[in-house]
Amino acid sequence: MRVRTANLGGRKRGQPIVVLESGSVSPLENWNPIFDQIAAIAPVVAYDRRGIGKSEFDGSPQTLQHVASSLHALLSEMKTAPPYVLVGHSYGGILIMAFAQQFPSEVSGLVYLDAPDVERTYAEMDAISPDTRRVVMSELDQFPTGLPPGMQAELDNLRQLLGNDMAELRSVRPPRGLPSGVVIAAGKYEHSETPLPAEMAAGLVRLQIRHEQEWALSSPNGLLLVANHIGHAVHQDDPALVMQVIRHVVSAASKK
């Protein structure tokens, strides 16, 4: 598996390591806009999941549990002991939840960068407009066909997670009380290559705020930022804003 690290050798005793989890089928270069800035405040690890970027595919279904176990084995092989502050962009936000649920004693903080709204139900989407569910469920169809096996395996798992009213996604719960930062890109639908109708976009953003504010409110060190000026790639559109959230969580995790 391919990794990029910084400052692991200078890590202080008990200092959290920031572990970066990219969005769906995205390689570690996804983190280039903020990697060096994170390295200036903490040891940091970015990596390619199995079958993504330059990491070899292991031939297994890339379930949430399997991805979490693969990352855990990688960190162990690298001799990078916990605690970890996990930063997840997009689908990576779901993956860090799964890791924290599976290895709760090893995680000291969570940062969600426009993670999917896993709490929204089909009924809530249908209440916005009759077309909302179809539009949301068709997002995965925008990826090209004929992808390498590892990338295809990840998308296959995503499609499975989106089925059955996303019940499996809602069963993923990290421990309560962890320092948590949540960034919601309220401008993602406006800045998209295929903008959604204004009423649909506004309804989806309001649902996301309603649901994901609880991720921040469940933590005594929670921080929620909603930004209209950025698209889904929040750390690329406004690195300084994202660094503000990461610094907050790293600081709280270090004190904890």
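The values are calculated or read from the model by the stated rules, or taken from the named source; none is laboratory data. Since the structure is predicted, the reported quantities are computational estimates derived from the model, not experimental observations. Neighbour counts run over all protein chains shown; Cβ positions are idealised from the backbone, glycine included.
Tell me, please, whether a residue that is of a type outside the set (Phe, Trp, Tyr), over 20 Å from the mean Cα position of the chain (by Cα) and within 26 Å of Asp58 (Cα to Cα) can be found in region 128-135. Break it down into steps so the answer makes sense when it comes.
In the first step, residues of region 128-135 are kept if they are of a type outside the set (Phe, Trp, Tyr); the result is 128-135.
Next cut, over 20 Å from the mean Cα position of the chain (by Cα) only: 128-135.
Pick out the ones that are also within 26 Å of Asp58 (Cα to Cα) and you get none.
Scanning region 128-135 turns up no residue that is of a type outside the set (Phe, Trp, Tyr), over 20 Å from the mean Cα position of the chain (by Cα) and within 26 Å of Asp58 (Cα to Cα).
On the basis of being crowded, with 18+ Cβ neighbours inside 10 Å, in contact with a Ser or Thr (Cβ under 9 Å, 6 or more places away or on another chain) and basic (Lys, Arg), does Arg11 make the cut?
Values: crowded, with 18+ Cβ neighbours inside 10 Å: no; in contact with a Ser or Thr (Cβ under 9 Å, 6 or more places away or on another chain): yes; basic (Lys, Arg): yes.
No: the conditions fail for Arg11.
For region 158-256, which fully contained helices (runs of 4 or more DSSP H) count at least 2 residues that are surrounded by fewer than 16 Cβ atoms within 10 Å (Cβ to Cβ) and of a type outside the set (S, T, N, Q)?
Details: elements: 167-170, 198-217, 234-237, 239-255.
It comes to 167-170, 198-217, 239-255.
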Tally, over region 27-65, of residues that are closer than 19 Å to Gln152 by Cα and within 16 Å of the chain's Cα centre (by Cα): 11
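Take Gly14 and decide whether it is modelled with pLDDT under 95 and either of a type in the set (A, V, I, L, M) or farther than 22 Å from His235 by Cβ (or both). Give the derivation first.
Values: modelled with pLDDT under 95: yes; either of a type in the set (A, V, I, L, M) or farther than 22 Å from His235 by Cβ (or both): yes.
When the stated conditions are applied, Gly14 passes them.
Taking the stated definitions as given, is Arg247 basic (Lys, Arg) and within 25 Å of Leu28 (Cβ to Cβ)? First the steps, then the outcome.
On the way: basic (Lys, Arg): yes; within 25 Å of Leu28 (Cβ to Cβ): yes.
Yes; evaluated as a whole, the condition is true for this residue.
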Find the strands (runs of 3 or more DSSP E) located wholly in region 3-115 whose residues include 1 or more that are touching a residue at least 60 places away in the same chain (Cβ under 8 Å), and list them. 3-6, 17-21, 84-89, 107-113
Can you pull out the residues in region 116-148 that are among the aliphatic types (A, V, I, L, M) and in a helix (DSSP H, G or I)? Ala123, Met125, Ala127, Ile128, Val135, Val136, Met137, Leu140
